[in-house]
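Accompanying notes for the structure given below.
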């Protein structure tokens, strides 16, 4: 299977909050890459994100009035599951709308899944591949802490909670994702371990975001993200036996 044919059966879900200026840059590149569908989940934007996404190549633009990163991702999943054409997509990829992720790496994320060699692929924002200033110190520390907690609690050593990721569609829906905030990524990675998925991590470039950050740009954002990630780890740890039993 060629990289382009793998992308043709990939649906990309993009949570977006006030990212109108980025849509004309991000979406045409995704269209050019050959992805099968682009679902932009407008998470209550107060700017022109919805219209900008619709006019720059999004296959579907979904209004998500309730704020929350996980809420936007979940709404994209639901839209995909109810879309009559949605079943043709074998892979679901997630990426942010802030231009921090390198679209050129999408084929490398999808290829191991399309070839049957992996179920989930995480893009790792390693230090040597990060643009200086692209991640704040609290982000770096929180990322290390969360991956360490997963290692201690579930025995799998991840290197990152990177938002740029791809996963087999059927495996994603089997996870029954619950978090609707910033614990979304850590929940997915914990459940991937519990469900014995074939997990792969690849190094990807990571750039400074374009526009104001909703997380690292404010003390409140950093605190809330850290709280949700740690509380999600704790909740999943206390309920682990029930999920594995079922």
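Here, each number is a calculation from the coordinates, and none is a lab measurement. In this text the structure is predicted, and so the values were computed from the model without any measurement. Backbone-built Cβ (ideal geometry, glycine too); neighbour counts: all protein chains shown.
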Treat each spin label as a single point 7 Å out from the Cα along the C-beta direction, and report the residue 224 to residue 66 distance in nm. 1.5 nm
Which order do 164, 141 fall in if you start with the one that has the fewest other Cβ atoms within 10 Å? 141, 164
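How big is Rg to Rh over region 3-245, alpha-carbon atoms, Rh as the Kirkwood inverse-mean-distance radius?
Values: Rg = 16.6 Å, Rh = 17.9 Å.
With Rg and the Kirkwood Rh in hand, the quotient comes to 0.93.
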Considering only the chain, percent of DSSP beta bridges that pair antiparallel, nearest 5: 30 percent
Taking the C-alpha atoms of region 29-130, convex hull volume expressed per residue in Å³: 124 Å³
Ranked packing of 86-99, 150-163, most packed first, by mean Cβ within 10 Å: 86-99, 150-163
Please give, to one decimal in nm, the separation of the simple spin-label points placed at residue 102 and residue 117, each 7 Å out from Cα toward the Cβ. 1.8 nm
